[in-house]
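The values are calculated or read from the model by the stated rules, or taken from the named source; none is laboratory data. Predicted model, so just to flag it, every value in this text is computed and none were measured. Positions of Cβ are generated from backbone atoms using ideal geometry, with glycine treated the same way; all protein chains shown enter the neighbour counts. Heads up: the accessible areas ignore ligands, DNA and RNA and are worked out on the full protein's heavy atoms, side chains in. Shrake-Rupley method; radii C 1.70, N 1.55, O 1.52, S 1.80 Å.
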Amino acid sequence: MSQLRIAVLNAAQEDANTTRNFRRELEASLVEFDVCNGEIPDTVAFDGAVVTGSRSSVYWDEEWIGPVKEWVGEAIDAGVPFLGICWGHQLLADVLGGTVADMGAYEIGYSEIEHTGSSRLFDGIDAEFTAFTSHSDEVAELPPGADPLAENDYSNHGFRKGRVFGVQFHPEYDQKTARELVKRKDLSDERRESVLEEITDENYGRACQAKLVFENFLEYVREVRLEDAGGRTSRDASA
């Protein structure tokens, strides 16, 4: 079977770590679009799509955000499977009719998250797992008909609707990315040092289990591609 062709909508405002991280985690042929600079795919002919994190909020009035939402909506309607990470999770929820809002707090660092739903996206991941987080917005209301998949005391951390999956946490982060992000954030000296002290080999190793969402998503995309081509899969691609 030919390699999967995945569109990566990079909304990270020219953060080189984002390209490196997603190229490492996604074993597929990636076509990357710098959406903040107006790069939007001119087709929905991809096996799947991934939407990255961003320094923006999905409800901000920035000229590049509207065209991204429009393309994402068209691609979802065409049946393209999606995985959204952090801002991407929020964008997908917004496009599908959910509500994104400032949650009045800032979650940053290695967090404990509970897998609350039954979803293949979390195959191999413990019911309670560790992942790196960085967000002050949340999916306050899930899209109509969406299934919640993960949460903690801060917010929803995962949902699914049809062929669309979103996770609020950052499974792609390595320690370099985490340290650089923490250092540039507007935090008190005490909180910054506290979070930096958490970025250890041990915590990173614990968080690596969450990276299985990428492998699980790509396996799902392979089954969708086979199903759409009229083949049969060993698992139900709608499950």
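The residues in the stretch 115-133 that are among the acidic types (Asp, Glu) and more than 30 Å from LYS185 (Cβ to Cβ) can be counted, and the count is 1.
Looking at this structure, is ILE108 open to solvent by less than 20 Å² (accessible area, probe 1.4 Å), within 24 Å of ASN10 (Cα to Cα), in contact with a helix residue (DSSP H, G or I) (Cβ under 9 Å, 6 or more places away or on another chain) and in a strand (DSSP E or B)? Spelling it out, ILE108 is indeed open to solvent by less than 20 Å² (accessible area, probe 1.4 Å), within 24 Å of ASN10 (Cα to Cα), in contact with a helix residue (DSSP H, G or I) (Cβ under 9 Å, 6 or more places away or on another chain) and in a strand (DSSP E or B).
If you go through the stretch 167-208 and keep only what is over 27 Å from LEU83 (Cβ atoms), in a helix (DSSP H, G or I) and either among the aliphatic types (A, V, I, L, M) or open to solvent by less than 10 Å² (accessible area, probe 1.4 Å) (or both), you end up with just LEU196. The number of residues in the stretch 112-142 that are of a type outside the set (Phe, Trp, Tyr), closer than 24 Å to SER57 by Cα and under 16 Å from the mean Cα position of the chain (by Cα) comes to 10. When ASP61, ASP47, ASP77, ASP94 are checked against the criterion of being in contact (Cβ under 8 Å) with a residue 24 or more places away in the chain, among the acidic types (Asp, Glu) and more than 19 Å from LEU218 (Cα to Cα), ASP94 stands alone in meeting it. The listed residues are SER136, SER119, and the only one of them that is of a type in the set (Gly, Ala, Ser), closer than 26 Å to ALA12 by Cβ, surrounded by 17 or more Cβ atoms within 10 Å (Cβ to Cβ) and touching an Asp or Glu at 6+ places or on another chain (Cβ under 9 Å) turns out to be SER119. For first residues located in the stretch 106-123 and among the hydrophobic types (A, V, I, L, M, F, W, C), partners that are at pLDDT below 95 and lie 6+ apart or on another chain with Cβ distances below 7 Å form the pairs ILE108/LYS185; PHE122/HIS115.
Quickly run through the stretch 37-71 and pick out the residues that are in a helix (DSSP H, G or I) and open to solvent by 30 Å² or more (accessible area, probe 1.4 Å).
ASN37, GLY66, PRO67, LYS69, GLU70
Does the stretch 72-84 include one or more residues that are in a helix (DSSP H, G or I), charged (D, E, K, R), at pLDDT below 95 and within 24 Å of GLU227 (Cα to Cα)? Within the stretch 72-84 (the criterion being in a helix (DSSP H, G or I), charged (D, E, K, R), at pLDDT below 95 and within 24 Å of GLU227 (Cα to Cα)), the answer is no, since none of the residues qualifies.
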